[in-house]
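Working notes, structure below.
Bear in mind that the values in this text are calculations on the coordinates, not laboratory data. What you see is a predicted model, and the numbers here were worked out from it, not measured in a lab. Cβ placement follows ideal geometry from the backbone for every residue including glycine, while neighbour counts extend to all protein chains displayed.
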Amino acid sequence: MAQMAFYFDSRVCTGCKGCQVACQQKNGLPAAIVWRRVMSYGGGNWIDKGNYQVPDGVFRYFVSATCNHCAAPACLAVCPVNAITKDDDTGAVWIDQDVCIGCRSCEEACPYKIPVLNEETGKDVKCDMCRDYLAQDKLPLCVTMCNQRAFDFGDIEELKAKYPDTTDAVEPLPQPTTGPSLLIYPHKDAQRSGEGTGRILSLPYEY
């Protein structure tokens, strides 16, 4: 089975959420549903010097995340009606809207909490790697819409060779357990998943 993957360079991301908005517009999503989530993560303290304060270990960086189209998708394993499929030719994991019953089992199983219930349709939805674009030999829209060129996309092994200094474990993402198809070039202040001292500073739908 082939496996396509997303590469994300956290060093250059400015948190503009252009990728997030482009994804919402393409897929006709309501404001409360985001398939690509741009999160701001940071921490540190300020030391009081009387008339002024000085920073002490203050840091902040952005992570843009979506479905990782995992090698062993937890969502696929728990779906009671087999509505979730992993494509052989791309490795994309997608939810068949004609079969999904909206039971939300996939939401509970996913360590990244990616699937979400569309209240209007009663179906769970998530990123499908722009399967319609891939069928036309086009890149996923989030990749091409980034003004900072923070993304790349392609065969996961080719991306690993192209970008050797990457990881799939950066806060605020959880520690990987499902074989995520994700490569992140970490920001200089990035903290490893499970070892974070900061917190999420803004939610994906906050502008």
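By the scheme Lys and Arg +1, Asp and Glu -1, what is the net charge of all other residues having a beta-carbon under 15 Å from that of Val116? Display every interim value, and only then the final one.
Numbers: positive: Arg36, Arg37, Arg104, Lys113, Lys123, Lys126; negative: Glu107, Glu108, Glu119, Glu120, Asp124, Asp128.
Around Val116, the charge tally is 0.
Ordering Asp98, Asp189, Asp89, Asp124 by the number of other Cβ atoms within 10 Å of each residue's own Cβ, fewest first, gives Asp98, Asp89, Asp189, Asp124. Taking 0.36 nm per residue of sequence separation and removing the Cα-Cα distance, the Ser202/Lys113 pair yields an extension gain of 30.4 nm. Taking 30 Å as the straight-line reach from the Cα of Lys160, the lysines in range (excluding those fewer than 8 positions away in the same chain) are Lys17, Lys26, Lys86, Lys113, Lys126, Lys138, Lys188. Distance between the 7 Å Cα→Cβ label points at Ala31 and Gln97: 2.2 nm.
Over region 60-207, what is the relative contact order in whole percent, taking alpha-carbon pairs under 8 Å and six or more residues apart?
Details: 192 pairs, mean separation 31.3, N = 148.
Answer for region 60-207 is 21 percent.
Overall, region 1-68 carries a charge dipole of about 240 debye about its Cα centre when +1 sits on the Cβ of Lys and Arg and -1 on the Cβ of Asp and Glu, all other atoms neutral.
For a quick check of your reading of the filter: which trypsin sites (Lys or Arg not before Pro) in region 2-49 sit in a DSSP loop and have no more than 11 other Cβ atoms within 10 Å? Intermediate results must be reported in sequence, preceding the final value.
Details: sites: Arg11, Lys17, Lys26, Arg36, Arg37, Lys49; in loops: Arg11, Lys17, Arg36, Lys49.
Taking region 2-49 and a limit of 11 other Cβ atoms within 10 Å, the loop trypsin sites (Lys or Arg not before Pro) found are Lys49.
The loop-placed chymotrypsin sites (Phe, Trp or Tyr not before Pro) in region 7-57, going by DSSP, that have at most 12 neighbouring Cβ atoms within 10 Å of their Cβ come out as Tyr52. Other residues lying with their Cβ under 10 Å from the Cβ of Gln148 contribute a combined charge of +1, Lys and Arg counting +1, Asp and Glu -1. Counting only GluC sites (Glu not before Pro) that DSSP places in a loop and that have at most 16 other Cβ atoms within 10 Å, the longest clean stretch of the chain runs over 1-118.
Projecting the Cα positions of Thr144, Asn68, Cys106 onto the charge dipole of the chain (unit charges on Cβ atoms of Lys, Arg, Asp and Glu, taken about the Cα centre) puts Thr144 furthest along the positive direction.
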